[in-house]
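Notes for the one structure printed next.
The values are calculated or read from the model by the stated rules, or taken from the named source; none is laboratory data. Model, not experiment: these values are computed from the prediction. Note: ideal-geometry Cβ built from the backbone for every residue, glycine included; neighbour counts use all protein chains shown.
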Amino acid sequence: MPKSIISEGKTTNEAIENGLTELHVSRNEVEIKVLENEDKRSFFSILAPRVVKVELTLKEKNEKEEKEHGHHENTIKEPKKYSTEELDSAEKNIKIFLDEFLPKIDEKSSYEVIKTEAGLEIYLKGNGLGILIGYRGDTLYSLQNILISIASKGINTKIRVILDIEGYKEKREKTLRALAERMAKQVIKTGKSVTLEPMKAYERKIIHTELQDSSKVETYSIGEEPRRKVVVALKNN
């Protein structure tokens with residue numbers, strides 16, 4: 001990987017993004033110098049196509065610093081283990097909340113709380129609970145964060161809570177795995193990298209995991225949260 005490159009685009013942002021994609025890094029990992037600004041154009045170049053040039057130089061990294069790449073996002077962290085007393089208290093907190101909250105959304109809804117050493121798993125069922133999922137699971141994850149706070153009330157540690165509604169997460173995972181395979185085939189066929197739409201960390205991990213054993217394509221992430229994206233590219237064999 002070169003220490004610095006010159007990248008071009010119609011705008012400064014486009015030139016920077018093109019360079020980040022080429023270097024497989026995020027913006028905070030490079031020094032950016034604008035060589036030719038879109039605003040600095042001479043009279044004689046007015047009719048010429050607009051081209052902005054920027055120089056991207058990789059910053060020096062400490063050994064502890066890592067770029068988010070497929071295998072980094074796949075790193076498995078050892079889950080924290082909770083005591084029986086902590087889990088019992090967390091379960092009680094959750095049930096008190098859900099018994100009051102869920103009937104207001106769907107009177108026929110139900111829930112299941114499963115205790116594990118790694119925290120609580122909560123499954124909601126009901127035909128009227130789609131509103132709690134939201135677009136691409138945004139509402140679901142907001143509710144999950146609320147449940148973490150509720151479960152942890154009166155406990156001297158944060159309780160890990162995993163929430164699923166009507167099997168949404170399983171369906172979403174299947175969709176993302178199919179997307180990964182489709183994009184890999186496209187990249188192999190065209191020889192051009194594909195940048196996917198912004199995704200949450202767990203969704204990016206699914207894409208990386210699905211393609212990690214491919215001999216022809218690789219995946220890496222670019223951009224900053226919450227608009228971090230996965231790029232699927234040909235491997236440089």
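Specify the residue that is surrounded by the fewest Cβ atoms within 10 Å (Cβ to Cβ); the eligible residues are those in region 80-139 that are among the hydrophobic types (A, V, I, L, M, F, W, C), in contact with a helix residue (DSSP H, G or I) (Cβ under 6 Å, 6 or more places away or on another chain) and under 12 Å from GLU166 (Cβ atoms). Applying the filter and picking the extreme gives ILE133. Going through region 170-225 one residue at a time, which ones are on the phi > 0 side of the Ramachandran plot and crowded, with 16+ Cβ neighbours inside 10 Å? The answer is GLY223, and nothing else.
Please determine whether any residue of region 180-189 is among the β-branched types (Val, Ile, Thr), in contact (Cβ under 8 Å) with a residue 24 or more places away in the chain and not assigned by TED's automatic domain parsing to the domain that holds GLU17. Checked against the condition, which is being among the β-branched types (Val, Ile, Thr), in contact (Cβ under 8 Å) with a residue 24 or more places away in the chain and not assigned by TED's automatic domain parsing to the domain that holds GLU17, region 180-189 yields at least one hit. Taking the condition under 30 Å from LYS95 (Cα atoms), under 16 Å from the mean Cα position of the chain (by Cα) and not charged (D, E, K, R), does ALA201 pass? Yes: the conditions hold for ALA201.
Where residues in region 158-169 are of a type in the set (A, V, I, L, M, F, W, C) and in contact (Cβ under 8 Å) with a residue 60 or more places away in the chain, which of them is surrounded by the fewest Cβ atoms within 10 Å (Cβ to Cβ)? Checked region 158-169; the qualifying residue surrounded by the fewest Cβ atoms within 10 Å (Cβ to Cβ) is VAL161. Just for region 25-50: of the residues that are at pLDDT 70 or above and surrounded by 14 or more Cβ atoms within 10 Å (Cβ to Cβ), which one is farthest from the chain's Cα centre (by Cα)? The extreme case among them is VAL34.
Among residues of region 93-107 that are over 18 Å from GLU121 (Cβ atoms), those with a beta-carbon under 7 Å from a residue that is among the aliphatic types (A, V, I, L, M) at least six positions away or on a different chain give the pairs ILE105/LEU129; ILE105/ILE131; ILE105/LEU132; ASP106/LEU129.
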